[in-house]
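Asker: Dropping a structure here in structure tokens format, bear with me for questions.
No lab work stands behind these numbers, since they all come straight from the coordinates. Predicted, not measured: the structure shown is a model, and the values here were computed from it. Every residue, glycine among them, receives a Cβ derived from its backbone with ideal geometry; neighbour counts consider all protein chains shown.
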Amino acid sequence: MADSKAPRAPRGMHDLLPEDAALWRHVRDTAERVARLFDYRQLQTPLVEDAAVFLRTVGDESDIVAKEMYVFEDRGGDRLALRPEGTAAVCRAYLEHGMGSRPQPVRLYYFGPMFRYDRPQAGRYRQLWQFGVECIGDPSPAADVEVIELQRTLYAELGLGDLVLRINSIGTAETRHRYVELLREHFRPHVATLSRDSQRRFETNVLRILDSKEDATHPAVQGAPSILDHLEPDDAQHFAAVRALLDALDVRYEVDPRIVRGLDYYARTVWEFEPAGGGGQSTVGAGGRYDGLIELLGGPHTPGTGFATGIERTMLNLRERGAATPDPAVDVYTAPLGDAGHVATLRLARELRAAGLAVRLGLPGRGLRAHFRAAESAAARYIAIIGDDEAARGVVQFKPLTPGGEQRELSLGDAIEELRSAH
Ligand code: ATP
Ligand code: MG
């Protein structure tokens, strides 16, 4: 055990241990495969951005900017931020690389760590991984439905097809400003009975009271006016078209006027995927349309829509459902006995690896019994024993590590052949 003075990982940040890596890779590989099925291309942006990328777009009252962003000055005096989310960074890159002159929409995905000074607890960390997609350059409801369908497919492929999709429309910034005034008047007589968090939000970001976890069952929250009754005709039409397409595709969803999302840049369609029964840190992935974002970065008006899914929360849900991904198998454990035997196992290992087989090298200086124990604890499929005598004759003692597996003397070539065919 480490002593109490030994350094630990920063609070809210975690090592990914080898025993968890197989499930993690499974999620990543599935996400990348589904992205390819929808013809989305990978974009990798730096972990660090000019802080303005987020300060200008995400919103001063958002959790991210108000209390979660890691901002620092580098040695040259530039103000940088560890990226808290992917969308604004992707839009910065879209603009910087002139992607507006490519055929629209441009379909992009990312997979990587984000950083938020969040309150650490199960499912909430300070370094979190996200997979996200952005469809930039198309204003239509069809683009919203394309990315929702991509997200739904991802969960279905992972075995999370039972996540519940909730959608809403939050109109445009102007609609929202008018609605926020209405909401403030609605909540004013109830402020004293709301949670501390909501009381703070009443002052700073009254919209977010609607998605407060603590106050979800509060009568004033339940009885709040719905933004859907205050949409402009164009926005209402857009939302109706999104729902009609989802219906036509038999995608199940609930309309939930309390989904408002935390970030300022959203407009029109917003959605979340959550386990049935919800609660706690339960949103697995969320998305929305962000037609004004690129303008906030100094670019031309460019519509966009996308989602991000949290990898840790996805894995949490997979584990709760008992998903297990076996560790990759070791094909062969090599057991050298003597110096010449050692060199021969090294040569054998090189050939086996060239044939795509995974080899764990037994190190010299051990006896046969110790090698067998090591091979079993590695869960190797075969053990290949080479002493000086076998080395001189160009053969190997070869034994499957299955019950009743028989040890045979084979030429090196035959041993490789047998492994290849049994692979
Ligand atoms: P919340 O309301 O839970 O704070 P959010 O609105 O801040 O969520 P988004 O910005 O929409 O979250 O991020 C998309 C997804 O990223 C979330 O649905 C979640 O799966 C994941 N996520 C967000 N913050 C964290 C975190 N601190 N730790 C782990 N995963 C996170
Ligand atoms: Mg948050």
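Asker: Using a Gaussian network for the chain with springs between C-alpha atoms less than 10 Å apart, which of these wobbles most: E85, E295, E351?
Answerer: For the chain, modelled as a Gaussian network with Cα springs under 10 Å, the answer is E351.
Asker: Now a separate question. Give me D for the stretch 330-422 in µm² s⁻¹, whole number, from Stokes-Einstein with Rh from the Kirkwood sum over alpha-carbon pairs, 37 °C and 0.692 mPa s.
Answerer: Value of D from the Cα-based Kirkwood radius: 259 µm²/s.
Asker: Then there's this: Helix 311-320 versus the longest principal axis of the chain: what angle, 0 to 90°, nearest 10, using Cα atoms?
Answerer: 70 degrees
Asker: While we're looking at this one, here's another question. Hey, can you rank 388-400, 33-45 by average C-beta count inside 10 Å, highest first? Intermediate values should be presented prior to the final figure.
Answerer: Numbers: 388-400: 17.8, 33-45: 15.1.
Order by mean packing, descending: 388-400, 33-45.
Asker: Peptides 71-83, 97-109: what's the order by average Cβ count within 10 Å, highest mean first?
Answerer: 97-109, 71-83
Asker: With charges only on Cβ, +1 for K and R and -1 for D and E, what is the dipole size of the stretch 335-387 about its Cα centre, in debye, rounded to 20?
Answerer: Details: 8 positive and 3 negative charges, 22 e Å.
Dipole of the stretch 335-387, to the nearest 20 debye: 100 debye.
Asker: Determine the percent antiparallel among the DSSP beta bridges restricted to the chain, to the nearest 5.
Answerer: Bridges in the chain that DSSP calls antiparallel: roughly 80 percent.
Asker: Cα axis of helix 233-248 to longest principal axis of the chain: angle in degrees, 0 to 90, nearest 10?
Answerer: It works out to around 40 degrees.
Asker: Also, I was wondering about something else. Among bridges DSSP assigns within the stretch 330-422, what percent are antiparallel (round to 5)?
Answerer: 45 percent
Asker: Translational diffusion coefficient, Stokes-Einstein: compute it for the stretch 289-365 using the Kirkwood radius over C-alpha pairs as Rh, at 20 °C and 1.002 mPa s, and state it as an integer in µm² s⁻¹.
Answerer: Estimated diffusion coefficient is 120 µm²/s.
Asker: Related question: Quick check: Cα centre of the stretch 54-122 to Cα centre of the stretch 233-310, how many Å?
Answerer: The stretch 54-122 and the stretch 233-310 have Cα centres separated by 18 Å.
Asker: When the helix-only estimate is applied to the chain (DSSP H runs of n ≥ 4, each -39,500 (n - 2.57), divided by the residue count), what is the mean residue ellipticity at 222 nm, nearest 500 deg cm²/dmol?
Answerer: On the way: 14 runs with 153 residues, N = 423.
Result for the chain: -11000 deg cm²/dmol, rounded to the nearest 500.
Asker: Sorted by packing (mean other beta-carbon atoms within 10 Å per residue), highest first, where do 212-220, 167-175, 46-54 land? Each step should come with its number before you reach the end.
Answerer: Details: 212-220: 14.0, 167-175: 19.9, 46-54: 17.3.
The most tightly packed comes first, giving 167-175, 46-54, 212-220.
Asker: Right, another one. Any chance you could give the angle, 0 to 90 degrees and rounded to 10, that helix 18-37 forms with the longest Cα principal axis of the chain?
Answerer: The angle comes out at about 60 degrees.
Asker: Pick from Q407, Q130, Q121 the residue whose mean-square fluctuation is largest in a GNM of the chain, springs joining Cα atoms under 10 Å.
Answerer: Judging by the Gaussian network model, the answer is Q407.
Asker: Which of these, G285, G12, G304, has the largest mean-square fluctuation under a Gaussian network model of the chain (Cα springs below 10 Å)?
Answerer: Looking only at G285, G12, G304, the largest GNM fluctuation is found for G12.
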